[in-house]
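**Student:** Starting off with a structure, shown below.
A short reminder: the numbers here are calculations on the coordinates, not readings from a lab. Note that the structure is a prediction, hence the values are computed from the model and not measured. Every residue, glycine as well, gets a Cβ built from its backbone with ideal geometry; the counts of neighbours run over all protein chains shown.
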Amino acid sequence: MQARAHPPTERLPIGARWNNFQRRYAPYIFISPFFILFAIFGLFPILFSLYLSFQSWQPAAGLGEMKFVGWRNFTDNLTDPTFWQSLRNTAVIGIESGLPQHLIAIPLAFAIHMAFKKAQGFLTALYFLPYITSVVAIAVIFVTIFSWQYGVLNALLTFLAGLPVIGGLFPQEKINWLGNREFVQPAVAAVVVWRYVGWNVVLYLSGLQAIPKDLYEAASVDGATTGQSFRFITLPLLRPIMFVAITLTLIGNLQLFEEPYIIAGDSGGIGNVALTTVMYMYRTYNFYGDAGLAAAMSWLLFVLIGALTLVNNRIFGRERLSGSD
Amino acid sequence: MAAPARPTTHVTRARAGRVPMSRWGAILLLAIGALITVAPFYFMFVFATHGRSEIFQLPPPVWFGDNATSNYQSLLERTPFWRNLWNSLYLAIMATVTTLFFCSLAGYAFAMYSFKGRELLFSIVLATLLIPSTLNIVPFALIMQALGWIDTPRALWVPGMASAFGIFLMRQYIGSAIPRELVEAARIDGSSEFGIYRRVILPLCGPALATLGLVTFINSWNNFLGPLIIFRSNETYTAPLALRSIQGLVNTDWGALMLGVALTVVPLIVVFVFAARQLIDGLTSGALKG
């Protein structure tokens with residue numbers, strides 16, 4: 001090193017040399033914790049899980065018992081009816097909870113934006129509250145609310161059904177929300193909707209605030225109603241933020257675990273109707289003790305998430321507003 | 001909430017007659033939404049003061065009862081609840097303190113230094129945010145087993161100490177809020193690089209640290225899947241896990257359970273009342289700025 005070029009550095013005093021050194025390498029040292037931790041707890045586990053998905057292995061038996069089985073874990077999953085059922089459940093609960101989230105959040109955000117500027121902070125905080133509440137707490141509360149004979153929801157529905165004019169709109173019989181195959185998925189979906197509406201309201205509000213006011217003023221000068229400005233100004237200009245919000249819902253819903261796991265129980269509810277793919281993967285690992293099969297399942301889900309995100313990009317993306325900096 | 005009388009001032013914006021109708025529509029919509037949002041919390045508090053048999057009667061109770069003390073005793077019989085709350089608190093504090101340190105340090109480096117590979121390394125940091133967390137469930141459990149970290153809190157706070165999200169957040173803030181000249185001046189004064197971080201950068205990062213701290217704390221406090229994989233006994237359970245284990249018992253004491261739920265939710269509501277804006281900004285910044 002010294003023999004080559006830099007005579008001046010050689011003559012620098014120790015202090016100055018240390019100074020150069022620490023100045024030069026400080027940024028690398030400062031960012032190194034992330035890369036070290038990611039290597040140990042992020043990259044390595046994922047590569048290990050990829051390796052594992054081609055092995056037959058029960059962790060309880062020890063590392064020596066690992067056996068290479070090729071694609072068998074993947075084909076086993078793909079021919080397992082319960083795996084397909086879990087995908088269907090995930091899709092159904094995902095749609096039943098995903099669509100309403102946005103269909104409710106957009107009008108709510110619009111209403112706050114148009115009519116309640118002053119109370120905006122208070123209202124968004126109120127709607128956001130479920131999002132920062134732990135899923136366990138939420139699930140416990142909703143299990144009592146959904147209770148068949150004595151739950152608050154059924155009591156409310158019974159009351160509404162007894163009203164004179166609109167009574168006919170409501171069920172006359174109590175609904176066994178968590179005990180009847182038909183209602184478990186909507187019940188779980190309702191909780192997810194309740195939890196995430198506020199989150200989406202915040203996203204859409206920030207989108208609404210980015211729309212220039214003069215557009216609305218011009219429209220109202222031309223005699224547009226509120227409904228028309230919503231339809232022809234708000235919705236088209238909300239598209240970029242809609243794309244972000246829908247992408248997040250899509251990715252989150254495909255990985256749904258906590259809500260169904262706690263509301264319907266780790267058994268997945270009556271006839272497995274609330275068994276999502278992540279729940280099934282967790283069960284495969286934790287109860288059946290088959291790490292290889294579970295790892296393969298997580299990669300199948302990963303591929304599905306990637307594919308659907310790409311499809312979503314195709315449909316919704318691209319036409320993003322330019323220069324939104 | 002105050003002023004249904006205001007629409008007159010809006011007449012210039014849209015033709016008269018239309019605005020009041022839509023404003024009433026907005027009020028109705030927001031009120032129904034608010035009611036549905038708040039009602040479950042209200043029933044949580046009401047049920048926390050009732051015994052099991054009162055909760056499940058017709059009609060269900062809609063006002064507070066006087067069973068809170070016996071619910072409390074029953075809760076403590078089923079789980080060492082204060083211990084569980086402490087476990088949650090300890091975990092959240094460790095996660096928050098370490099995250100604030102490592103993320104601000106890395107955020108400072110990415111924002112204030114020009115070094116070889118900076119852009120590439122920062123895109124790697126951002127790219128890790130795209131990895132779906134479910135991919136990591138099985139290997140996470142296996143690695144913690146291998147490390148012997150099962151049933152220890154560090155299994156949950158060590159891996160996330162330098163989170164990509166936190167680094168992103170801190171870099172954005174430091175890059176936009178702190179002038180580079182300050183760093184240069186400190187350097188000329190002979191401060192070491194870490195000294196600059198500690199004496200110049202850190203004191204000026206207050207708002208961003210508060211936001212990141214709140215987000216980290218709440219995510220840790222509410223985490224369920226992580227502790228579910230790591231903790232195996234009543235003594236090490238965090239509060240959500242303890243509540244879940246009570247719910248699993250055959251004769252669930254719903255009153256006691258509801259009281260426990262209320263005790264875990266109340267601290268969050270208190271924090272939220274004081275820092276809602278900051279918390280909401282922090283939690284959604286990944287989605288909005290990314």
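**Student:** Could you grab the relative contact order for chain B? Cα pairs under 8 Å, six or more apart, rounded to a whole percent.
**Tutor:** Working: 273 pairs, mean separation 86.7, N = 290.
Reported relative contact order: 30 percent.
**Student:** When you look at the Cβ of every residue in B:35-43, what mean number of other chain Cβ atoms sits within 10 Å?
**Tutor:** Values: counts 0, 6, 11, 4, 6, 12, 6, 2, 5.
Other-chain Cβ atoms within 10 Å of each residue's Cβ, averaged: 6.
**Student:** Using helices alone, what [θ] at 222 nm do you get for chain A, with -39,500 (n - 2.57) per DSSP H run of 4 or more residues, divided over all residues and rounded to the nearest 500? List each step's numbers first, then the result.
**Tutor:** Values: 15 runs with 211 residues, N = 325.
The per-residue figure over chain A is -21000 deg cm²/dmol.
**Student:** Between B:Leu29, B:Leu91, B:Leu169, which gets the highest mean-square fluctuation from a Gaussian network model of chain B, Cα cutoff 10 Å?
**Tutor:** Comparing B:Leu29, B:Leu91, B:Leu169 in the GNM, the peak value goes to B:Leu29.
**Student:** What do you get for Rg/Rh of chain B when both radii come from the Cα atoms and Rh is the Kirkwood radius? It would help to have the intermediate numbers written out before the result.
**Tutor:** On the way: Rg = 24.5 Å, Rh = 22.8 Å.
Result: Rg/Rh = 1.08.
**Student:** Sort the protein assembly as shown into rounded, prolate or oblate with this rule: let a ≥ b ≥ c be the square roots of the eigenvalues of the Cα gyration tensor; rounded if a/c is under 1.5, and if a/c is not under 1.5, prolate when a/b is larger than b/c, oblate otherwise.
**Tutor:** Details: a/c = 1.69, a/b = 1.22, b/c = 1.39.
Oblate.
**Student:** Toward the positive end of the charge dipole of chain A, about the Cα centre and with charges on Cβ (Lys, Arg +1; Asp, Glu -1), which of A:Phe142, A:Ser267, A:Ala109 goes farthest?
**Tutor:** Most positive-ward Cα: A:Ala109.
**Student:** Return the Cα extents of the range A:184-325 along principal axes one, two and three, sorted largest first, each rounded to a whole Å.
**Tutor:** Principal-axis extents of the range A:184-325 (Cα, largest first): 67, 30, 21 Å.
**Student:** Counting Lys and Arg as +1 and Asp and Glu as -1, each charge on the Cβ, what is the dipole of the range A:75-316 about the Cα centre in debye, to the nearest 20?
**Tutor:** Details: 11 positive and 12 negative charges, 99 e Å.
The dipole magnitude comes to about 480 debye.
**Student:** Please state the charge dipole magnitude for the protein assembly as shown, taken about the Cα centre, from unit charges on C-beta atoms (+1 on K and R, -1 on D and E), reported in debye and rounded to the nearest 20.
**Tutor:** Details: 40 positive and 28 negative charges, 322 e Å.
The calculated dipole for the protein assembly as shown is roughly 1540 debye.
**Student:** Can you compute the label reach from A:Ile251? Point 7 Å from Cα along the Cβ direction, backbone N cut-off under 20 Å, restricted to the range B:248-290.
**Tutor:** B:280-290
**Student:** Continuing with the same structure: Could you identify which residue out of B:Leu259, B:Leu212, B:Leu228 has the top mean-square fluctuation in a GNM of chain B using Cα springs shorter than 10 Å?
**Tutor:** Most flexible of the set in this elastic network: B:Leu228.
**Student:** Magnitude of the Cβ-charge dipole of the range B:157-215, K/R +1 and D/E -1, about the Cα centre, nearest 20 debye?
**Tutor:** Working: 5 positive and 4 negative charges, 21 e Å.
Dipole of the range B:157-215, to the nearest 20 debye: 100 debye.
**Student:** Relative contact order of chain A, please, whole-number percent, based on alpha carbon pairs below 8 angstrom and at least 6 residues apart.
**Tutor:** After rounding, I find 26 percent.
**Student:** Additional query: Return the loop-located trypsin sites (Lys or Arg not before Pro) in the range B:20-121 (DSSP other than H, G, I, E, B) with at most 15 other Cβ atoms within 10 Å of their own Cβ; answer none if there are none. Walk me through the numbers on the way to the answer.
**Tutor:** Details: sites: B:Arg23, B:Arg52, B:Arg78, B:Arg83, B:Lys116, B:Arg118; in loops: B:Lys116.
For trypsin sites (Lys or Arg not before Pro) across the range B:20-121 that sit outside H, G, I, E and B with at most 15 neighbouring Cβ atoms in 10 Å, the list reads B:Lys116.
**Student:** OK, next. Using the number of other C-beta atoms within 10 angstrom as an exposure proxy, rank A:Phe230, A:Phe146, A:Phe122 with the fewest first. Kindly include the intermediate steps, with their values, before the conclusion.
**Tutor:** Working: A:Phe230 18, A:Phe146 23, A:Phe122 14.
In increasing order of surrounding Cβ atoms, one gets A:Phe122, A:Phe230, A:Phe146.
**Student:** Relative contact order of the range A:181-325, please, whole-number percent, based on alpha carbon pairs below 8 angstrom and at least 6 residues apart. Display every interim value, and only then the final one.
**Tutor:** Working: 87 pairs, mean separation 38.7, N = 145.
About 27 percent, as a whole number.
**Student:** Counting only other chains, what is the mean number of Cβ atoms within 10 angstrom of the Cβ of each residue in peptide B:128-134?
**Tutor:** Taking all residues of B:128-134 together, the mean is 6.
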